[in-house]
Amino acid sequence: MALQITPAAYQLPSGIAREVVFAQSGGLLIAGGLTQRSAATDAITLLNPETGKLTPAGRLAAPTHDAAGAMLAGRPYVFGGGAQASVGRVQALNRHRTATVAGQLPGPRSDTSAVTLGATAYLIGGYDGLSYDANVLATTDGRRFRTVATLPVPVRYPAVAGAGNRIWVFGGQSRAGLTNVIQQVELTTGRVTIVGHLPAPTTGAVAFGLGSRIYIAGGQIWLPGGPPTHGGPPATPGRQLATSNAVLAFDPAQHTVTLAGSLPVPVANAAAAVLAGTAFLVGGNNGQRQVPTVTRLRLVAPSAALPPASPGTGTVAAGLTQAAPVPAGSVQLATALTAGVSSSILASAPWLGPAHGRGHLAPHSDPSVLPGDILIADNWNNRLLIVDPQGRIRWKFPRHGDLAPGQTFLLPDDAFFSPNGRYIIATEEEDSVISVIDIARHKIVYRYGTPGVPGNWANHLANPDDAMLMPGGTIIAADIENCRVLLLRPPSHRPRRVIGRTSVCGHNPAREFASPNGAFPTTSGRYLVTEINGDWANSISLSGHAYWSTHPPGVSYPSDTNEIYPNRYLTADYSSPGQVVEFDARGRLLWRFGGLNHPSLALPLPNGDILVNDDYNDRVIVIDPITNRIVWQYGHTGVSGTSPGYLNDPDGVDLVPPDSMLITHAATMGRP
């Protein structure tokens with residue numbers, strides 16, 4: 001089986017770190033933690049892991065972060081933690097999810113981890129404000145505790161997982177600094193041994209079991225050349241602590257560590273829980289602030305994996321294969337842990353150009369804000385590009401010879417990866433055609449519409465926009481001038497279904513539309529249809545039911561409205577001056593960023609930033625909505641061109657797999 005890592009199709013409403021997460025039948029229960037403002041919280045919320053709906057579910061007895069969470073007799077318990085100082089309080093959540101103080105630890109304890117095996121919860125690692133706690137505690141009721149083992153390397157912030165009669169303790173912060181030791185606790189004998197080492201000293205990672213492996217995700221690490229470490233090879237001072245996006249696999253039988261993939265956002269001090277065979281990594285700190293990221297990790301058949309379960313080269317492990325055991329202190333892997341690498345389907349593809357040479361970014365751009373490469377529809381240059389976070393072109397379509405005799409590829413307005421990551425569907429709006437491109441073969445394998453001939457009969461379109469492939473192969477597309485949304489089923493060249501009335505234009509969703517320019521999926525299975533005329537955003541089902549309609553606030557020409565999380569939506573204002581706006585279903589303004597020039601699409605990134613194509617400014621940018629600053633830019637503002645680093649009216653963007661929009665939405669997309 002292969003590990004599949006994808007961002008969820010939603011974000012949390014705000015960043016959080018150092019919280020605890022419990023898997024419950026109704027979803028994921030999130031308790032305590034540090035908020036976006038780095039304040040301890042007492043909030044308890046219930047997250048629907050499929051839709052992203054977050055519901056208030058109670059309060060802790062006191063605001064707490066850096067606590068441990070474990071289940072006892074089906075009841076969630078929060079052990080220790082603190083706010084201003086470490087505490088020994090044990091909080092139990094009742095059926096109504098209000099917390100009561102159920103007991104006290106033997107002493108104050110924060111920065112600790114917990115695991116439940118059978119009917120017993122075990123607490124490992126921790127700190128009382130003055131000293132490290134080496135005792136491994138066991139409890140069956142949250143009131144009485146016994147010491148079952150003593151760690152030879154006492155740590156705080158370790159990653160911990162268990163199975164059978166063993167617990168593994170990965171890294172953490174020791175008295176001597178960060179450590180890379182892997183400690184194994186034998187619960188039957190109380191013996192603790194060091195059975196291996198992580199490739200780099202690591203603290204604040206999380207661990208969880210899937211299948212026969214233990215996975216260790218994220219954390220803060222010292223790169224090779226960093227400060228001296230406990231239990232690892234010598235290091236040279238002078239390097240800084242960095243946040244990792246690596247996911248490592250530990251084989252409990254062989255005590256080996258391999259690289260399993262990478263997270264869409266590097267995080268430390270996140271929380272994780274496994275629900276129905278899927279691990280959910282919630283929140284964390286990316287080295288700058290708490291992030292709203294939720295990441296899904298699950299095992300799939302190698303043939304279904306994105307990326308394919310084949311040895312990685314180049315960016316993934318800098319020459320190490322994904323199946324190769326990783327030696328402690330490996331310079332190659334430890335460097336890759338913080339390199340912002342992408343575990344995308346494209347990473348090991350032989351047809352993807354290698355990334356080399358200097359990038360072509362605007363000054364002060366930060367490549368780390370992107371999870372990986374991005375796809376750009378470079379409209380007036382008649383091409384699609386894949387550009388890496390450093391601003392280097394990795395792939396281009398069409399190249400010489402890619403098009404069949406007599407075939408054209410003109411004015412690509414939008415482009416999205418398919419849910420299986422093998423195709424790109426591009427909308428050539430002003431040429432009235434939709435093209436499906438086989439990425440590896442560089443060939444157009446399906447077209448709907450007659451190039452250059454607008455119309456409303458079979459195999460004709462009039463200014464199509466934002467065509468997308470659903471799981472199963474159906475295409476959904478807005479047909480602007482025909483005032484309808486179409487469902488197409490390749491290889492047919494007749495519509496499978498028409499939503500709206502062909503060439504009857506007016507605001508009466510979903511019976512009639514006033515120039516719809518996008519139909520984007522939401523986690524509820526519905527679609528957001530944006531209407532140009534009248535400035536509307538609408539939520540509809542594919543069966544033709546309308547749920548709500550609203551005017552995006554202060555927007556003159558709404559474009560490509562999509563969902564950040566339930567009841568928070570994002571639209572671009574295709575105007576001059578243009579803007580990007582967030583709003584709710586009632587049309588209330590939640591955030592805006594202005595000063596753009598005809599932006600046509602804005603997409604949320606897993607770290608909470610916004611990816612925008614600023615069309616008439618000839619650039620693609622990333623906006624940090626916390627600081628309201630542009631933190632990444634490809635393209636020269638207001639200067640068009642075809643050379644590396646230049647664009648000409650870029651009109652569409654997507655992330656590459658497995659972070660691409662239709663892969664993250666595949667599980668919840670409404671289907672005909």
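Any read-out appearing in this document is the output of simple, stated calculations on the displayed coordinates, not a laboratory observation. This one's a predicted model, so the numbers in the text were calculated from it and none came from an experiment. All Cβ positions, glycine included, derive from the backbone under ideal geometry; neighbour counts span all protein chains shown.
So for the chain, taking the charge dipole from beta-carbon charges (+1 Lys/Arg, -1 Asp/Glu), which of Asn285, Gly177, Gly359 sits furthest toward the positive end?
So the residue we want is Gly177.
Per the helix-only calculation at 222 nm, which mean residue ellipticity applies to the chain, given -39500 (n - 2.57) for every DSSP H run of n ≥ 4 and division by its residues, nearest 500 deg cm²/dmol?
My calculation for the chain gives -500 deg cm²/dmol from helical runs alone.
Which of the peptides 252-263, 2-13 is most tightly packed, and how do the rest follow, going by the mean number of other Cβ atoms within 10 Å of each residue?
Per-residue Cβ counts within 10 Å, averaged per peptide and sorted highest first, yield 2-13, 252-263.
For Leu410 and Ser556, calculate 0.36 nm times their separation in residues minus their Cα-Cα distance, and state this gained length in nm to one decimal.
49.8 nm
Counting Lys and Arg as +1 and Asp and Glu as -1, what is the net charge of the other residues whose Cβ lies under 12 Å from the Cβ of Gly472? Let's see the in-between values first.
Numbers: positive: Arg489, Arg496, Arg671; negative: none.
With Lys, Arg at +1 and Asp, Glu at -1, the net is +3.
Identify, among Pro599, Ile623, Ala537, the residue whose Cα sits farthest towards the positive end of the charge dipole of the stretch 517-623, taking +1 on the Cβ of Lys and Arg and -1 on the Cβ of Asp and Glu, with the dipole about the Cα centre.
After comparing all options, I get Ala537.
Just one of (i) 51, 34, 24; (ii) 46, 27, 21; (iii) 77, 26, 21 is semi-axes √(5λ) of the Cα gyration tensor in Å calculated from these coordinates, so which is it?
(ii)
Can you check what the net charge comes to around Ile444, using other residues whose Cβ is under 15 Å from the Cβ of Ile444 (Lys, Arg +1; Asp, Glu -1)?
Spelling it out: positives minus negatives among the neighbours equals +3.
Let me have the relative contact order for the chain, percent, based on Cα pairs under 8 Å that are six or more residues apart.
Working: 2126 pairs, mean separation 65.3, N = 672.
About 10 percent, as a whole number.
Can you pull the one-decimal nm distance between simple spin-label points at Ser541 and Ala39, each 7 Å off the Cα toward Cβ?
Placing both labels 7 Å along Cα→Cβ, they lie 4.1 nm apart.
How big is the dipole moment of the stretch 35-136 about its Cα centre under a simple scheme where the beta carbon of each Lys and Arg is +1, that of each Asp and Glu is -1, and everything else is neutral? Debye, nearest 20, please.
For the stretch 35-136, the charge dipole is close to 400 debye.
Using a cut-off of 12 Å between beta-carbons, work out the net charge of the residues near Asn533 (Lys and Arg +1, Asp and Glu -1, Asn533 not included).
-4
Bin all alpha-carbon pair distances of the stretch 416-462 at 5 Å intervals from 0 and give each bin's fraction as a whole percent.
Bins of 5 Å from zero give 5, 25, 25, 19, 15, 9, 1 percent of pairs.
Residues of the stretch 130-153 with backbone nitrogen within less than 15 Å of a virtual label 7 Å along the Cα-to-Cβ line of Thr100, please, listed as ranges.
142-143
Restricting to Cα pairs below 8 Å that are 6+ residues apart, what does the relative contact order work out to for the stretch 407-501? Please round to a whole percent.
The value is 20 percent.
Between Arg166 and Asp366, what is the FRET efficiency for a Förster distance of 51 Å, r being their Cβ-Cβ separation, to the nearest 0.05?
0.80
State to the nearest 20 debye the size of the charge dipole of the chain about its Cα centre, where the only charges are +1 on K and R beta carbons and -1 on D and E beta carbons.
It comes to approximately 2180 debye.
Loop-only trypsin sites (Lys or Arg not before Pro) in the stretch 26-60, please: DSSP not H, G, I, E or B, and at most 15 other Cβ atoms within 10 Å.
Qualifying residues, ordered by number: Arg37.
Could you tell me which of Leu589, Leu275, Ile437 has its Cα farthest along the dipole of the chain towards the positive end, charges placed at Cβ (Lys, Arg +1; Asp, Glu -1), taken about the Cα centre?
Ranked along the dipole, the leading option is Leu275.
May I ask for the distance between the Cα centers of the stretch 483-539 and the stretch 418-467, given as a whole number of Å?
Distance between centres, Cα-based: 17 Å.
Once you have the Cα-Cα distance between Asp251 and Ala301, take 0.36 nm times their residue separation minus that, and quote the gain in nm to one decimal.
16.1 nm
Using packing as a proxy for protection, rank 356-368, 276-288 so that the peptide with the highest average count of other Cβ atoms within 10 Å comes first.
Packing proxy ranking, top to bottom: 276-288, 356-368.
Mind grabbing the base-10 log of I(q)/I(0) for the stretch 375-664 at q = 0.12 Å⁻¹? Debye formula, identical points on the C-alpha positions, no solvent, two decimal places.
Once normalised to I(0) and log-transformed, intensities are -0.69.
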